[in-house]
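Only one structure is covered here, and it is reproduced in the block below.
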Amino acid sequence: MQVLESIQAVQQSSQAFKAVGNSVGYVPTMGYLHEGHIELIKRAKKENDIVILSIFINPLQFGQNEDLDAYPRDREHDLKTAEEHGVDVVFYPTESIMYPRPMSLAISVNKRTDVLCGRSRPGHFEGVVTVLTKLFNICQPDRVYFGMKDAQQVAVVDALIEDFNFPVELVAVSTVREEDGLAKSSRNVNLSAEERAEAPAILEALMLGRSLVENGEKNPVEIRAQIRQFLENKTHGRIDYIELLSYPALEAVDTVKGQVILAAAVHYSKARLIDNIVFEADGTAG
Ligand code: PAF
């Protein structure tokens, strides 16, 4: 496994692999690799000859009240994990390599951001699409892999690729779950035993919403109300939001139709959990 720090070295490496007919899959991360990332690497390995992984904590996507310095880092663990799972190239740049001077240009994100978690993170997705524009140009992949746990990020990346015609296929990988359905997250360790026992109710509530839709209920207000009631009965967590939107456009709907996302965020004492399901309102596989 090669660990490269320079932009030029990664560009040359990707181009050289592709010149001899290899396909390149790419997994962008901010490090501190967990099972969700490993799932992305495994899928990228399955579908490509070569896998590039990047590890870069992107300062542009952190808000003023979000602590960049507190973001967890573990270089040794990350490189070992990448190697064990067959990554071919790790791009591990420093901040001065990625941003040698203040940027002269900015990309603004006009849609898909003022809902779900994006509503409380102004500027976050501008930072994400800016770094991904650079990373796509550096890693030059055929396919890029993102987890559906952050479905809003997938929707924004989908728009980035479409709007700017990046020659990259977006592969959205299903959320990795515990046996009881709770979405895996590094935040789950911050749940008390009682909260951990209650937390699978988030997915159960979303699945209840899905079955309401599939059984003919098309009014989003009614569906959200029933999900809220279910969650309030099943967990002491404070509901941050329950949303039902079109997907990937992330627009409010009067009547549920086409592909939709049902998403919820719940605050527990020391963790805020998010989860979502994307499905077709007419009951076909989503
Ligand atoms: O999902 C993440 O870890 C980051 O938002 C990403 C895609 C690596 C961009 O910095």
Q) Out of all the residues in segment 58-74, is one or more among the aromatic types (Phe, Trp, Tyr) and more than 23 Å from Ala183 (Cβ to Cβ)? A) no
Q. Counting only residues that are over 23 Å from Asn65 (Cα atoms) and in contact with a Leu (Cβ under 6 Å, 6 or more places away or on another chain), which one in segment 90-124 is surrounded by the most Cβ atoms within 10 Å (Cβ to Cβ)?
A. Phe91
Q) Across segment 109-131, what is the number of residues that are within 18 Å of Pro248 (Cα to Cα) and either out of contact with any Gly (no Cβ under 8 Å at 6 or more places or on another chain) or assigned to a loop (DSSP other than H, G, I, E, B) (or both)? A) 14
Q: Sort out which residues of segment 18-28 are touching a residue at least 60 places away in the same chain (Cβ under 8 Å) and either among the small types (Gly, Ala, Ser) or assigned to a helix (DSSP H, G or I) (or both), and write them in order of number.
A: Lys18, Ser23, Gly25
Q | Residue, surrounded by the fewest Cβ atoms within 10 Å (Cβ to Cβ), within segment 132-149, restricted to residues that are assigned to a helix (DSSP H, G or I) and either touching a strand residue (DSSP E or B) at 6+ places or on another chain (Cβ under 8 Å) or aliphatic (A, V, I, L, M) (or both) | A | Met148
Q) Do the conditions hold for Thr29, that is, is it modelled with pLDDT under 95 and among the β-branched types (Val, Ile, Thr)? A) no
**Q.** Residue in segment 29-48 that is nearest to Pro59 (Cα to Cα), counting only those that are among the small types (Gly, Ala, Ser) and either more than 9 Å from the ligand (Cβ to nearest atom) or in a helix (DSSP H, G or I) (or both)
**A.** Gly36
Q | Checklist (1) within 14 Å of the ligand (Cβ to nearest atom); (2) in a helix (DSSP H, G or I); (3) modelled with pLDDT of 95 or more applied to Lys80, failing item | A | (1)
Q. In the list Ala205, Ala225, Ala249, which residue meets the criterion of being in a helix (DSSP H, G or I) and surrounded by fewer than 18 Cβ atoms within 10 Å (Cβ to Cβ)?
A. Ala225
Q | When residues of segment 1-28 are limited to those that are over 21 Å from Thr94 (Cα atoms) and touching an Asp or Glu at 6+ places or on another chain (Cβ under 9 Å), the one nearest to the ligand (Cβ to nearest atom) | A | Gly25
Q.
All but one of (1) within 16 Å of the ligand (Cβ to nearest atom); (2) surrounded by 14 or more Cβ atoms within 10 Å (Cβ to Cβ); (3) over 14 Å from Asp275 (Cβ atoms) hold for Asn190; state the number of the condition that does not hold.
A. (1)
Q. Restricting the search to segment 254-286, which residues are part of a loop (DSSP other than H, G, I, E, B) and of a type in the set (A, V, I, L, M, F, W, C)?
A. Val256, Ala271, Ala281, Ala285
Q) Is one or more of the residues making up segment 124-145 at pLDDT 95 or above and in contact with a Pro (Cβ under 6 Å, 6 or more places away or on another chain)? A) yes
Q | Subset tally (residues that are more than 25 Å from the chain's Cα centre (by Cα) and buried (at least 19 other Cβ atoms within 10 Å of the Cβ)) for segment 1-42 | A | 2
Q: Give the residues of segment 147-167 that are aliphatic (A, V, I, L, M) and touching a residue at least 60 places away in the same chain (Cβ under 8 Å), sorted by residue number.
A: Met148, Ala151, Val154, Ala155, Ala159
Q | Long-range neighbours under 7 Å by Cβ, at least six apart or interchain, first residue without any contact (Cβ under 8 Å) to a residue 12 or more places away in the chain and closer than 16 Å to Gln15 by Cα within segment 125-146, second part of a helix (DSSP H, G or I) and more than 11 Å from the ligand (Cβ to nearest atom) | A | none
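The values are calculated or read from the model by the stated rules, or taken from the named source; none is laboratory data. Predicted model only: the values in this text are computed from it and were never measured. Note: ideal-geometry Cβ built from the backbone for every residue, glycine included; neighbour counts use all protein chains shown.
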